[in-house]
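Contents: one structure, followed by commentary.
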Amino acid sequence: MKYVYILESLSDPDRHYVGLTDDLRDRLEKHNNGVVSSTARHRPWRIQTYLAFSDTQRAIEFEKYLKSGSGRAFAKKRL
């Protein structure tokens, strides 16, 4: 199972991060422990939304979409 997730920074609620992982709990822990350099400055993080995919390629495509301009607008309005 692959998870596409959106994190929200608790220190800066306007800051979000989109990612893809096999283990959601472990990945959130890494974000909050500063292991992920792109999210270390805006800790702590909480999971805002996540979706589970059985198809890896679809998960990759959806993550890529959420990182696009129209995907960010979709996530802001619908997720």
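Considering region 3-60 alone, what residues qualify as being at pLDDT below 95 and farther than 23 Å from residue 71 by Cα?
If the condition is that a residue be at pLDDT below 95 and farther than 23 Å from residue 71 by Cα, then no residue fits.
Looking only at region 35-61, which residues are farther than 13 Å from residue 8 by Cα and within 11 Å of the chain's Cα centre (by Cα)?
Listed by number, the list holds a single entry, 51.
Which residue out of 17, 65 is more than 12 Å from residue 3 (Cα to Cα), in a helix (DSSP H, G or I) and not small (Gly, Ala, Ser)?
Values: 17 fails: in a helix (DSSP H, G or I).
Selected residue: 65, the only one of 17, 65 that is more than 12 Å from residue 3 (Cα to Cα), in a helix (DSSP H, G or I) and not small (Gly, Ala, Ser).
So which residues in region 1-53 are touching a strand residue (DSSP E or B) at 6+ places or on another chain (Cβ under 8 Å) and among the small types (Gly, Ala, Ser)?
9, 19, 38, 52
Please enumerate the residues belonging to region 37-61 that are surrounded by 12 or more Cβ atoms within 10 Å (Cβ to Cβ), in a helix (DSSP H, G or I) and out of contact with any Phe, Trp or Tyr (no Cβ under 7 Å at 6 or more places or on another chain).
Those that are surrounded by 12 or more Cβ atoms within 10 Å (Cβ to Cβ), in a helix (DSSP H, G or I) and out of contact with any Phe, Trp or Tyr (no Cβ under 7 Å at 6 or more places or on another chain): 40, 42, 56, 58, 60, 61.
The values are calculated or read from the model by the stated rules, or taken from the named source; none is laboratory data. What you see is a predicted model, and the numbers here were worked out from it, not measured in a lab. Cβ sites come from the backbone with ideal geometry, for glycine too, and all protein chains shown count toward neighbours.
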